1. Which lysines have a Cα less than 28 Å from the Cα of LYS315, not counting those fewer than 8 places away in the same chain?
2. Of the beta bridges DSSP finds with both residues in the chain, what % are antiparallel, to the nearest 5?
3. Semi-axes of the equivalent ellipsoid for segment 14-133, please: Cα gyration tensor eigenvalues, times 5, square-rooted, ordered largest first, whole Å.
4. Taking 2.2 N^0.38 Å as the expected size of a compact globular protein, what ratio does the Cα radius of gyration of segment 155-290 give against it, to two decimals?
5. What translational D, rounded to a whole number of µm²/s, comes out for the chain from Stokes-Einstein when the hydrodynamic radius is the Kirkwood one over Cα pairs, at 4 °C and 1.567 mPa s?
6. Quick one: if the Förster radius is 30 Å, what FRET efficiency do ARG157 and GLU254 give, using the C-beta to C-beta distance and rounding to 0.05?
7. Fully extended, how many nm does the chain gain between VAL326 and GLU238 (0.36 nm per residue separation, minus their Cα-Cα distance)?
8. Measuring with a 1.4 Å probe in the full set of protein chains, what accessible area per residue, in whole Å², belongs to the chain?
Amino acid sequence: MARADFVHLRVHSAYSLSEGAIRIPELVELCRRESMPAVAIADSGNLFGALEFSQACAAGGIQPIVGVQLHVQREEEGRATAHAGARRPEPEQLVLLAQNQAGWRNLSALVSQAYLETEPGERPQVPLAAVEARAEGLIALTGGPAGAVGRLLAEGRAPQAEAALRRLARAFPNRLYVELHRHGLEIESRIEPGLIDLAYRLGLPLVATNECFFGDESMHEAHDALLCIADGAYVAQEDRRRVTLDHRFKSAAEMRLLFADLPEAADNTLTIARRCAFMVDKHDPILPPFRVEGASEADLLHARAREGLEARLAKHVFLPAMDAAVRERAARPYRERLDYELAMIVRMGFAGYFLIVADFIQWAKANGIPVGPGRGSGAGSVAAWALTVTDLDPLRWGLLFERFLNPERVSMPDFDIDFCMDPRDEVIRYVQGKYGHDRVAQIITFGKLQARAALRDVGRVLGMPYTQVDRICKLVPVNPTDPVSLPE
């Protein structure tokens, strides 16, 4: 089958939260349908979908190009307003695509910096100096009308636009493309001659992109409602954020026709795809070592677990009236089970993991931070009970260690630990301080609107009366364990 002669470099997947509406499997199917050999996601300020995107594309025979629509602080206004304590103006856009592993590391660092160093309430953003410092392995697209060059041209500040473009060209030598959009917006046609003139004068290549937010025209109305839900607006409002029918996943033929006067701009999408050779791979968890001078993790785990088990037995299993023989009979199943578990833990390489978890739980308990007694499969471990990770006696309740850890288990075991909500940050800070800030992460949970909630939100943005919306929504059955979908 002939390959398409254009690839999309600016797709917003559903991971552009409350903004993009193309799910990753749908994106792969769209590329296959249009015979596109490659595709890039450039989600708004995040890399949440990078792994799923890479794996899905590889499985579907599509080359994944991992990118991000990064938000960059406005420099000339940013210094003054930030100094005065006022809210900074909206940042500018810059699309960055990873060419290789170095580019991926820089992309990850920039996105992390944006989230960690931006003031609460503002869109996560980075200064341009940070981008310049981490430009290796990245291809940059100028960002269209929302980029620095496009904005300055729209404001009639051509000299400043040229200076901004030259600075980007220095940061990304032979890796900067002047981005052209044609979504039917007035600002795009107004700045395009200036962008083309600057590109030709400075010897920079053009690239044609289509900012895709949804799959096809049939999704436009629903996507418009999604933007209203995100912004707390109404569909009937005049002054609100909108996208056009052209912000869809267009075919290669449509894009070639749209840029028939500038075929080089469409050609360069293929050039960029050839220059990128990176995808995110799955890898096993990398655990920090638990180091104590003069002892291996395995020896330390054995010593601490056995000491802890004797303390547990003395407090929870032995009775004062027991003679030595009875105490030995009562202890034997626990000691045998602990030996079995320790052998399995060490053999599978999780000695340090148990020691680390025990360390911060013991620290929390010593500092008066309430910790749950243990739940999930981890509660079946005598070793965890001995180390005070859990407070449930597994033998008394007939709990199985193999549900938590066994040689056939394909994923890493995990403890379900409940810390009191208020001082939870103290535990996180302790772990960061002991094992390194760069080795501690929190996992994001993506919330999805179920059928009732979606109907309520759509009814609100359409301006329907509350009583009418409520009556419709109450027709949807409530089943938390198996929620009813919209088609159902």
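1. Counting by Cα, and skipping residues close in sequence, LYS315 has these lysines nearby: LYS365.
2. DSSP beta bridges in the chain are roughly 45 percent antiparallel.
3. On the way: eigenvalues 195, 42, 23 Å².
Calculated on Cα positions only, the semi-axes equal 31, 15, 11 Å.
4. Ratio of Cα Rg to 2.2 N^0.38 Å: 1.36.
5. Details: Rh = 26.5 Å.
Taking Rh from Cα pairs, D becomes 49 µm²/s.
6. Rounded to the nearest 0.05, the efficiency is 0.35.
7. Answer, rounded to one decimal: 23.4 nm.
8. Numbers: 24960 Å² over 488 residues.
It amounts to 51 Å² per residue over the chain.
The values are calculated or read from the model by the stated rules, or taken from the named source; none is laboratory data. Remember, it's a predicted structure, so these values are computed and weren't measured experimentally. Glycine gets a Cβ as well: all are built from the backbone with ideal geometry, and neighbour counts include every protein chain shown. Side chains included, ligands, DNA and RNA excluded: accessible areas come from the protein's heavy atoms. Shrake-Rupley method; radii C 1.70, N 1.55, O 1.52, S 1.80 Å.
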